[in-house]
Structures are given as C-alpha cells and as structure tokens.
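A.B. asks: Attaching a single structure in structure tokens format; questions to follow.
The values are calculated or read from the model by the stated rules, or taken from the named source; none is laboratory data. From a predicted model like this one, the values you see are computed outputs, not experimental measurements. Cβ coordinates were reconstructed from backbone atoms using ideal geometry, including for glycine residues, and neighbour counts include every protein chain displayed.
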Amino acid sequence: MPQKRYIDLRSDTVTRPSPGMRKAIFEAEVGDDVLGDDPTVKRLEIMVATLLGKEEAVYVPSGTMGNQVALKSLTSPGEEVILDVGSHIYNNEAGAASALSGLQLHPIKGERGILSSVQILQEIRPLNIHHPQTALVVLENTHNSAGGTIYPLEVIQDVHKVAKEHNLKMHLDGARLWNASVATGIPLKEYAKYFDSVSVCLSKGLGAPIGSVVSGNPEFIKRARRNRKMFGGGMRQVGIIAAAGIYAVENNIERLADDHKNAKILAEALAKLEGINIDMETVQTNMVIFEIKDEKKDAFWLVEKLKENDILTLASGKKKMRLVTHLDVNEEDIQKTIEVFERVFKQ
Ligand SMILES: Cc1ncc(COP(=O)(O)O)c(C=O)c1O
C-alpha cells in the first residue's frame, strides 16, 4: 500500500531516497570496508575529503558518531571542550562525550548559537593543576537549535587565531555545512580549513538515508578509524549506502538553495500572523523557529492542528516550534502550510 503523503516539516532527516538514489544503491560495487576493500566507500571518502580540502576522510553511520569519533581522536580523558550551550554535542548526543571519551564539556551561550573569540578567550582555563585542561573548541555550522544560523567566516578566523595561540584543537560539527556554503557562496574548504576535524552529514538536507563523513589529516584519520571501530561503527559491505552518499553529494548540494527560499517564504508569511513571534535574523538557511505569543495556544495544540491538515511538525518546547524545509517539500507544500497556519491562527 502506498504511504500516505504528509507535508513533513519535522526535520530534514525525514527525506526518502529518490529513484535516482535507489538506482545508485542497487548498482553499488561493494567489499568489506573493515578490511579496506569497499571501492564505493573509498570513492565517497576521497570525494568528501577533496570538497573539504582535507587529506583524508572516514565514513561513519551517523552525525553523532562522527562528532564523537572526532572528540575522542582529538583529546585525552579529563580534558575540557568549549562549545555553545545550544549545541548538538552538548544536548543531543546522550552524554557521549563524557561517557565515551571522559571529557568535561564547558558550554557558553552564543548569540544565535554563534560564539565569539572574545567569549572563548575568557573561558580558556589557565594552566593550573586544579583545573581541567582546555583542549578543544567545537563550533556548529549551521547551528541547529538556533534555527540554522551561519557562522560568519571572520568569526571562525578570529576563533581559530585564539585557539592556535592557546594550543587548542578545533572541531567543526558541520552536519549542515552544505547549507552554510550554498547560502553564502563560501566554498566548503574555506570554512573547513580552520578546523582539525570536520564532520558532515549526508542524511540531512542532502537526502541520503544514512551516513556522515569525518575528515582531517592522516594522523587524525588513523585515530578516527580505530575509534570508529571501538564505538562499533566498523561496517562491512557498506558501499550499498555510501553509493547513496555519493549520489547525494553529486546531485543534491546546489538545490539546497530551494530549501532556503522555501524557509524564507514560510517565515515571512508566519511573521505576519498575530499569534507568532519570529526572529527573522535566524532565518538564514532551511529552518524556521518561532514562538507562539497567543496565551491560549501552545506548541502541542499547534502540532495536533497541523497534523489534522496532514502537516507534520515537532514542538521544541511548550511555546516553541521548529519547521525544517528539505527536498521532499516543494513550494506548493509551503503555500498549503501557510494557508493552514492562517486558518488555524484565526480560530
Ligand atoms: C548539528 C547536528 N550535529 C549532529 C547531528 C547528529 O546527526 P545524527 O542524527 O545522524 O546522529 C545532528 C542531527 O540532527 C545535528 O543537527
């Protein structure tokens, strides 16, 4: 039976493989990747490393594993990691940094998710046997919980300067770095060059069913491969999904501009509604976060109302919602969503 079609704005992770992607999966050449034998995985790793201007890369099953493999490969237990308080690593990776790598996370509140070099400088621990040693700075670009906001390149450059002066490593959670690059026109490698490791996801806006890639120099990748194995992420004939990743990189980067346009159209329409509060400054890529001002309405009520109209959404708090555009949502869907919002908020 065909699946019922919803306008699914819960996340850009909900996309289903297109016919072209399924064909690439069907035709994939495979081998045992733990033994280094899978030609499709190798192709994907080289492709992503080249795009990011890094020497090597390693394929992992998820963005979470990509981040955690990078953290473990760049630090020692007992060290401290500076990151934004709203970051995915701090809030949404089940405490893995402390559980798997013995790290202490040191969160700071950025402006719309963006940390400045001045803020970071203030939080670097002085050398003293009482303190955990600051070892790593993590930035998230685009920043998910801030609404898909983009790190200005100058800010990254300033943070890099401070980090290097203090002998700190830098990791980029670039789950949606593709979106930042398409929105600004800044090449991926220009963003990536300030980081010791960069993790990117294939299963968000790019529409692959599974997979992320972590990149860095050969010494880092050697450690990352070992840590991936330790975390249970060594995979066998995995070219079967890496082929989807290659298809995604070859076909679905430029079209992210459509998702950004749709998010803007949606945000501008919602901003006109009495009961909704949107900080338009946060609408930079494929997300729209907003608050419900109306005292009598809340996000759980709205999720139900939208679902009655075949629109799927998630509440991110009692009064807060995040809508995400992606390749399975077209402009017509956006217009329908706007009409439903207008109707529901008039009630
Ligand atoms: C910024 C960011 N990093 C990492 C991840 C983790 O990706 P995964 O769900 O593949 O583990 C996500 C997931 O949404 C994310 O938004």
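A.B. asks: Filter the stretch 138-178 down to residues that are more than 16 Å from the ligand (Cβ to nearest atom) and charged (D, E, K, R) and give me whichever is nearest to Ile82 (Cα to Cα).
C.D. replies: The residue in question is Lys169.
Yes or no, residue by residue, for (1) among the basic types (Lys, Arg); (2) assigned to a loop (DSSP other than H, G, I, E, B); (3) at pLDDT below 95; (4) surrounded by 20 or more Cβ atoms within 10 Å (Cβ to Cβ):
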site: Tyr191; (1), (2), (3), (4): no, no, no, yes
site: Val198; (1), (2), (3), (4): no, no, no, yes
site: Gly207; (1), (2), (3), (4): no, yes, no, yes
site: Glu219; (1), (2), (3), (4): no, no, no, no
site: Gly234; (1), (2), (3), (4): no, yes, no, no
site: Ile241; (1), (2), (3), (4): no, no, no, yes
site: Ala244; (1), (2), (3), (4): no, no, no, yes
site: Thr285; (1), (2), (3), (4): no, yes, no, yes
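A.B. asks: Tally the residues that are within 15 Å of the ligand (Cβ to nearest atom), out of contact with any helix residue (DSSP H, G or I) (no Cβ under 8 Å at 6 or more places or on another chain) and among the polar types (S, T, N, Q), restricting the search to the stretch 47-69.
C.D. replies: 1
Okay, residues lined up against (1) aromatic (Phe, Trp, Tyr); (2) part of a strand (DSSP E or B); (3) away from the ligand (no atom under 16 Å from the Cβ); (4) without any contact (Cβ under 8 Å) to a residue 24 or more places away in the chain:
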{"residue": "Pro77", "(1), (2), (3), (4)": "no, no, yes, no"}
{"residue": "Val81", "(1), (2), (3), (4)": "no, yes, no, no"}
{"residue": "Gly86", "(1), (2), (3), (4)": "no, no, no, no"}
{"residue": "Tyr90", "(1), (2), (3), (4)": "yes, no, no, yes"}
{"residue": "Glu93", "(1), (2), (3), (4)": "no, no, no, no"}
{"residue": "Ala99", "(1), (2), (3), (4)": "no, no, no, yes"}
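A.B. asks: With respect to Glu281, determine if the residue is surrounded by fewer than 20 Cβ atoms within 10 Å (Cβ to Cβ) and farther than 22 Å from Thr142 by Cβ. Working first, answer last.
C.D. replies: Values: surrounded by fewer than 20 Cβ atoms within 10 Å (Cβ to Cβ): yes; farther than 22 Å from Thr142 by Cβ: no.
In short, no.
A.B. asks: Please go through the stretch 269-286 and pick out each residue that is among the charged types (D, E, K, R) and over 24 Å from the mean Cα position of the chain (by Cα).
C.D. replies: Lys272, Glu274
A.B. asks: Six or more apart or on different chains, Cβ under 8 Å: which pairs go from a residue in the stretch 180-205 that's on the phi > 0 side of the Ramachandran plot to one that's more than 11 Å from the ligand (Cβ to nearest atom)? Could you list them?
C.D. replies: From residues that are on the phi > 0 side of the Ramachandran plot, there are no pairs.
A.B. asks: Being buried (at least 20 other Cβ atoms within 10 Å of the Cβ), in contact with a Ser or Thr (Cβ under 9 Å, 6 or more places away or on another chain) and at pLDDT 95 or above narrows it down to one residue among Ile311, Ile292; which is it?
C.D. replies: Just a single option satisfies the conditions, and that option is Ile311.
A.B. asks: Condition first: more than 15 Å from the chain's Cα centre (by Cα), hydrophobic (A, V, I, L, M, F, W, C), in a helix (DSSP H, G or I) and under 20 Å from Thr64 (Cα atoms). Can you find one or more residues in the stretch 260-267 that meet it?
C.D. replies: No: the stretch 260-267 contains no residue that is more than 15 Å from the chain's Cα centre (by Cα), hydrophobic (A, V, I, L, M, F, W, C), in a helix (DSSP H, G or I) and under 20 Å from Thr64 (Cα atoms).
A.B. asks: Related question: Which of the residues that make up the stretch 136-155 are aliphatic (A, V, I, L, M) and either buried (at least 21 other Cβ atoms within 10 Å of the Cβ) or assigned to a loop (DSSP other than H, G, I, E, B) (or both)?
C.D. replies: Result: Leu136, Val137, Val138, Leu139, Ala146, Ile150.
A.B. asks: Going by the structure shown, is Thr40 farther than 19 Å from Pro218 by Cβ, in contact with a Ser or Thr (Cβ under 9 Å, 6 or more places away or on another chain) and among the hydroxyl-bearing types (Ser, Thr, Tyr)?
C.D. replies: no
A.B. asks: Limited to the stretch 99-119, what total is found for residues that are among the hydroxyl-bearing types (Ser, Thr, Tyr) and within 25 Å of Gly317 (Cβ to Cβ)?
C.D. replies: Adding up the residues that qualify gives 0.
A.B. asks: Just to be sure before I move on: is Ile289 part of a strand (DSSP E or B) and not assigned by TED's automatic domain parsing to the domain that holds Leu177 in the structure I sent? Steps first, please.
C.D. replies: On the way: part of a strand (DSSP E or B): yes; not assigned by TED's automatic domain parsing to the domain that holds Leu177: yes.
For Ile289, the condition - part of a strand (DSSP E or B) and not assigned by TED's automatic domain parsing to the domain that holds Leu177 - is met.
A.B. asks: List pairs: first in the stretch 137-159 and among the hydrophobic types (A, V, I, L, M, F, W, C), second within 9 Å of the ligand (Cβ to nearest atom), Cβ under 7 Å, 6+ apart or cross-chain?
C.D. replies: Close Cβ pairs (under 7 Å, with a partner that is within 9 Å of the ligand (Cβ to nearest atom)) amount to Val138/Ser87; Val138/Ile89; Val138/Asp173; Ile150/Asn141; Ile150/Thr142.
A.B. asks: Another question, then. Tell me which residues, restricted to the stretch 15-52, are hydrophobic (A, V, I, L, M, F, W, C), in contact (Cβ under 8 Å) with a residue 40 or more places away in the chain and surrounded by fewer than 17 Cβ atoms within 10 Å (Cβ to Cβ).
C.D. replies: Residues of the stretch 15-52 hydrophobic (A, V, I, L, M, F, W, C): 21, 24-26, 28, 30, 34-35, 41, 44, 46-49, 51-52.
Then drop every residue that is not in contact (Cβ under 8 Å) with a residue 40 or more places away in the chain, which leaves 21, 24-25, 28, 30, 34, 41, 44, 47-49, 51-52.
Once the filter is applied, which keeps residues that are hydrophobic (A, V, I, L, M, F, W, C), in contact (Cβ under 8 Å) with a residue 40 or more places away in the chain and surrounded by fewer than 17 Cβ atoms within 10 Å (Cβ to Cβ), the stretch 15-52 yields only Val34.
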